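Asker: If you scroll down you'll find the structure; I have some questions about it.
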Amino acid sequence: MTQSRKLFQRAASKIPGGVNSPVRAWKAVGGTPLFISRGQGSYIFDAEGRRYIDFVGSWGPLILGHAHPKIVQVVRQRAASGVTFGAPTMFEIELAETVERLVPSIEKLRLVSSGTEATMSAIRLARAYTGRTKIVKFDGCYHGHSDGLLVKAGSGVATLGLPDSPGVPAGFARETLTSKYNDLKLLQKIFDRHGKDIAAVIIEPICGNMGVIQPELGFLSAIREITQKSNSLLIFDEVITGFRVALGGAQELFRVKPDLTCLGKILGGGLPLAAFGGRSEIMNLLAPVGPVYQAGTLSGNPLAVSAGIATLKLLSRQGVYDQLEAKSKYFEDGISAVLDQCRLCAVINRVGSMMTLFFGVDRVTSPDHARKCDQKQFSSFFHAMLERGVYLPPSPFEAMFVSLAHSTADLKKTISAFSHWAQAAARG
Ligand SMILES: *Cc1c(COP(=O)(O)O)cnc(C)c1O
């Protein structure tokens with residue numbers, strides 16, 4: 001029995017499902033999750049000491065790779081001076097100033113410890129600001145696991161939300177209306193009917209949680225117009241895309257300015273840190289200036305904030321995103337060439353360094369298309385890649401991430417592993 005298998009059995013008797021976040025359990029691909037002992041650059045090592053090229057990057061944060069020397073140094077230094085005080089520190093100012101410079105729609109921001117807190121708090125704020133209760137989200141977008149956001153798509157016009165999970169009161173879910181990605185007609189219908197009750201639209205400006213799905217041309221700017229007309233707020237959940245697709249996130253790429261933005265993942269350089277921010281007029285409703293309560297014992301934690309500052313500094317160097325784009329494009333081209341050669345039906349959706357390979361479909365512009373992908377083929381692909389030392393997200397509906405730590409040799413090796421599997425798959 002492998003070390004990972006032994007550890008998984010031990011974990012499962014004390015921790016529900018053996019994991020502290022469900023996607024880690026490999027339910028979608030089968031098998032036993034690897035227990036990771038350490039990471040270095042583009043590599044992770046399992047409990048056996050086996051090395052893998054990592055394209056999960058802790059599900060998004062590790063754009064610099066594992067154990068980047070600068071981040072290690074900063075965290076060490078800070079830890080030695082005390083990790084938390086529950087009182088303000090100058091590091092929080094430095095981070096806020098940096099984020100506000102890089103993401104101009106953010107005039108003020110508040111730090112929290114997880115993306116879930118960021119979206120939940122942004123919505124509370126939007127409701128308080130507008131005096132309305134309903135929110136609109138998009139089928140397939142994930143915004144953390146707070147009650148009102150765990151709502152599935154409905155069909156038809158403005159289907160009233162049904163909770164996605166037991167434990168979410170139907171009354172909460174009813175305040176969430178679900179629209180469809182890249183479907184402006186449906187969104188317009190929802191606004192025609194409920195506009196005066198809608199506090200905010202929340203969206204991943206590039207969908208990353210149903211695999212990568214790009215917004216079609218004009219989709220985001222049309223949402224901006226619709227929300228503005230109805231005096232509803234627009235919230236961009238850039239927890240994945242922030243500092244990933246550009247320093248200023250997807251809003252820089254698509255030139256659409258939301259009222260509020262949620263950040264996380266890369267923001268903390270791998271430590272628990274997230275934020276929400278936007279126009280001062282809205283943010284000033286937060287306690288202690290205004291009446292909207294929001295707080296956190298470890299919010300703005302110096303250790304996480306210092307890692308975040310160091311990460312953003314490294315990402316602000318000239319040419320970093322060009323370098324990341326070049327690596328990612330090289331990787332996409334390599335995979336595409338193999339698909340062509342083997343005549344496998346699949347499509348790669350990529351924006352910068354985030355991408356998903358969907359099998360058995362030739363176009364994915366909505367979560368409905370994504371759901372039609374060949375999940376069995378994905379499992380076969382996932383396990384074959386693992387066998388050859390490549391660690392991918394264990395689900396067909398996740399983004400894989402290229403980091404600055406991936407070398408050309410890493411990418412070549414991955415493409416060659418893919419070619420090996422694809423040739424066998426094409427033979428059936
Ligand atoms: C990961 C993620 C979240 C939730 O962040 P957590 O830190 O896991 O709570 C929210 N929104 C998006 C788009 C995410 O990808």
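The values are calculated or read from the model by the stated rules, or taken from the named source; none is laboratory data. Predicted model only: the values in this text are computed from it and were never measured. We place every Cβ from the backbone using ideal geometry, glycine too, and count neighbours over all the protein chains shown. Just so you know, the surface numbers come from the protein's heavy atoms only, side chains and all, with ligands and any DNA or RNA stripped out. Shrake-Rupley method; radii C 1.70, N 1.55, O 1.52, S 1.80 Å.
Asker: Name the residues of segment 392-428 whose amide N is less than 14 Å from a point 7 angstrom out from the Cα of D374 along the C-beta direction?
Answerer: Counting only backbone N, you get 421-428.
Asker: Report the label-to-label distance for D197 and E281 in nanometres (one decimal), using points 7 Å from each Cα along the Cα→Cβ vector.
Answerer: 2.6 nm
Asker: Now for a different question. Quick check: with the 1.4 Å probe, what order do F85, F219 take by accessible area, largest first?
Answerer: Output order, biggest surface exposure first: F85, F219.
Asker: Per residue of segment 261-266, what does 6.51 cos²θ - 1.76 cosθ + 1.60 with θ = phi - 60° give for ³J(HN,Hα)? Whole Hz please, x for Gly and Pro, Karplus curve as stated.
Answerer: 10, 10, 10, x, 6, 4
Asker: Continuing with the same structure: From the phi angles alone, apply the Karplus equation (6.51, -1.76, 1.60; θ = phi - 60°) to segment 239-245 and give each ³J(HN,Hα) in whole Hz, x where the residue is Gly or Pro.
Answerer: Whole-Hz 3J(HN,Hα) from phi for segment 239-245: 4, 8, 6, x, 6, 9, 8.
Asker: How about K265: which aspartates and glutamates have a C-alpha closer than 13 Å to its C-alpha, ignoring those fewer than 8 places off in the same chain?
Answerer: E117, D237, E238
Asker: Given a Förster radius of 22 Å and the C-beta distance between K70 and M90 as r, what FRET efficiency does 1/(1 + (r/R0)^6) yield to the nearest 0.05? Intermediate results must be reported in sequence, preceding the final value.
Answerer: Details: r = 19 Å, r/R0 = 0.88.
Plugging the Cβ-Cβ distance into 1/(1 + (r/R0)^6) gives 0.70.
Asker: Measure out, as a whole number of angstrom, how far apart the alpha-carbon centroids of segment 370-408 and segment 41-87 sit.
Answerer: 21 Å
Asker: Right, another one. For segment 69-315, state what percent of all Cα-Cα pairs lands in each successive 5 Å bin, counting from 0 Å until the bin that includes the largest distance.
Answerer: Going from the shortest bin to the longest, the percentages are 1, 7, 14, 19, 20, 16, 11, 7, 4, 2, 0, 0.
Asker: Report, in cubic angstrom per residue, the convex hull volume of the C-alpha atoms of segment 10-139. Mind dumping the intermediate values first?
Answerer: On the way: hull volume 28.1 nm³, N = 130.
Residue-normalised Cα hull volume stands at 216 Å³.
Asker: Test of the criteria: in segment 83-150, which GluC sites (Glu not before Pro) are in a DSSP loop and have at most 16 other Cβ atoms within 10 angstrom of their Cβ? Before the final figure, lay out the partial values.
Answerer: Numbers: sites: E92, E94, E97, E100, E107, E117; in loops: E107.
Within segment 83-150, the qualifying GluC sites (Glu not before Pro) (loop, at most 16 other Cβ atoms within 10 Å) are E107.
Asker: For the cross-link pairs K14/K313; K27/K137; K180/K329; K189/K313, which exceed 32 Å when the distance is taken from alpha carbon to alpha carbon?
Answerer: Too far apart for the 32 Å limit: K14/K313; K189/K313.
Asker: Something else about it: Mind checking which aspartates and glutamates have their Cα closer than 18 Å to the Cα of K413? Skip sequence neighbours fewer than 8 apart in that chain.
Answerer: D54, E332, D333, E387
Asker: How far apart, in nm, are the 7 Å Cα→Cβ label points at V23 and V289?
Answerer: Here the modelled spin labels are 3.3 nm apart.
Asker: A follow-up question, please. Can you tell me how much longer the chain between K189 and K6 gets when fully stretched, taken as 0.36 nm per residue apart minus their C-alpha distance, in nm with one decimal? Show your work: numbers first, answer last.
Answerer: Details: separation 183, 0.36 × 183 = 65.88 nm, distance 5.32 nm.
Between K189 and K6, full extension yields an extra 60.6 nm.
Asker: While we're looking at this one, here's another question. Based only on Cα atoms, what mean projected area does the convex hull of the chain have, in nm²? If you can, show how the numbers build up before the last one.
Answerer: Details: hull surface 82.8 nm².
Its average projected convex-hull area is 20.7 nm².
Asker: Right, another one. Please name which of Q423, L253, L273 has its Cα lying farthest along the dipole of the chain towards the positive end, using unit charges on Cβ (Lys, Arg +1; Asp, Glu -1) and the Cα centre as origin.
Answerer: Result: Q423.
Asker: Here is a follow-up. Quick one: which residues, 5+ away or cross-chain, put their amide H under 5 Å from the amide H of S179? H built at 1.01 Å from N.
Answerer: Excluding prolines and chain starts, which carry no amide H, the hits are K137, F138, D139.
Asker: For segment 69-315, give the magnitude of the charge dipole about the Cα centre (Cβ charges: +1 Lys/Arg, -1 Asp/Glu; no others), in debye to the nearest 20. Please report the intermediate quantities before stating the final value.
Answerer: Values: 26 positive and 21 negative charges, 18 e Å.
Computed about the Cα centre, the dipole is about 80 debye.
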